[in-house]
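Read-outs throughout are calculated quantities, based only on the coordinates presented, and are distinct from any laboratory measurement. From a predicted model like this one, the values you see are computed outputs, not experimental measurements. Positions of Cβ are generated from backbone atoms using ideal geometry, with glycine treated the same way; all protein chains shown enter the neighbour counts.
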Amino acid sequence: MLGIIGGSGLTQLANLDVSHREIVRTPYGEPSGPLTFGRLGCQDVVFIARHGYGHIIPPHLVNYRANLHAMHSVGVRRIVSVASVGGIRADIAPGTLLVPHQIIDYTWGREMTFQSGIDGPVVHIDFTEPYDTELRQQLLSVAAQVGEAVVDGAVYAATQGPRLETAAEIDRLERDGVEIVGMTGMPEAALARELELPYAALCVVANWAAGRGDSVHGIRFESLEAVLQQAMGRVRTMLEALCSVSRHSGEGP
């Protein structure tokens, strides 16, 4: 079963044929909200809004462990994360869809592992390639099938938030090799790896990062919402195509 985590701009899936919602308890506290079960295309899907269905949870307070554990406990076996980001690389403009291939974690103070140290030996995960190769390729393939231009690969910087970055901080990230910046990529990706859940991200560039493009002197929030609304329709089309392709390829529900 496919799990979809919706970020800013995707608090619900309009094309999801909802069957029911379920409140799931976890040893790590409350998820961001009830899990929404339904059919997308011809596949069973579980959806959760990362920031809550009213978009009320800031990125540094999202209970990433509870969200991932809840999905895993109800039978989710792979996850697509949808996230909005700021564009740093010159050719990654607002409205661009992309599938990142690497991540750098600049967050701090978040509950970032299921390894408590009291339930058995510590398990060290390999995180050389933080996103699942096969699931990334499936996203890129369905993009081509539906005629959607999607950028293949970018280095994602996960910053703490909830404030946006200064222009100098974006300059620093660029020197580090970063190409897009967001606030929710970690520890989500690492937690999925600990649970052995294939995980990939589909990112929407909502704005130029600070000091770039039309954000040279500040982020233009009035245009950001319009970009997200337009782009999320394309995201929904891709997700529905992914569900159809995955089902027809013989993968489990």
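Couple of notes before you dig in:
- Diffusion coefficient of the range 40-87 by Stokes-Einstein, Kirkwood radius over Cα pairs, 20 °C, 1.002 mPa s: 173 µm²/s.
- For the range 155-213, the Kirkwood hydrodynamic radius comes to 12.5 Å, computed from all pairs of different C-alpha atoms.
- The range 1-91 - percent relative contact order, Cα under 8 Å, separation 6 or more: 40 percent
- Read-out Cα extents along the principal axes in Å, derived from the coordinates shown; its label in (1) 54, 44, 40; (2) 46, 46, 33; (3) 65, 35, 33: (2)
- Ranked from largest, the principal axis spans of the Cα set of the range 1-100 equal 43, 33, 24 Å.
- Helices meeting the span-like rule in the chain (full DSSP H runs, Cα extent of at least 27 Å along the helix axis, mean Kyte-Doolittle score of -1.0 or higher): 221-248.
- Pairwise Cα separations in the range 115-232 fall into 5 Å bins from 0 onward with the following percentages, short to long: 2, 9, 15, 19, 18, 15, 11, 6, 3, 1, 0.
- The order of Trp208, Trp108, going from fewest to most other C-beta atoms within 10 Å of their C-beta, is Trp108, Trp208.
- Database remark: amide H of Val46 closer than 5 angstrom to the amide H of Leu2, Gly3, Ile4 (H placed geometrically; neighbours at sequence offset of 5 or more, or on other chains; Pro and chain starts carry no H).
- Fewest neighbouring Cβ atoms within 10 Å first, the residues Val82, Val123, Val24 line up as Val123, Val24, Val82.
- The 3J(HN,Hα) values that the Karplus relation (6.51, -1.76, 1.60; θ = phi - 60°) gives for the range 2-8 are, in residue order, 8, x, 10, 9, x, x, 4 Hz. Gly and Pro appear as x.
- When all alpha carbon pairs of the range 59-193 are counted in 10 Å bins from zero, the resulting P(r) reads 11, 38, 36, 13, 2 %.
- Taking the Kirkwood radius as Rh and the Cα radius of gyration as Rg, the range 167-253 has a ratio of Rg/Rh equal to 1.07.
- Spherically averaged projected area in nm², based on the convex hull that wraps the Cα atoms of the range 82-146: 6.9 nm²
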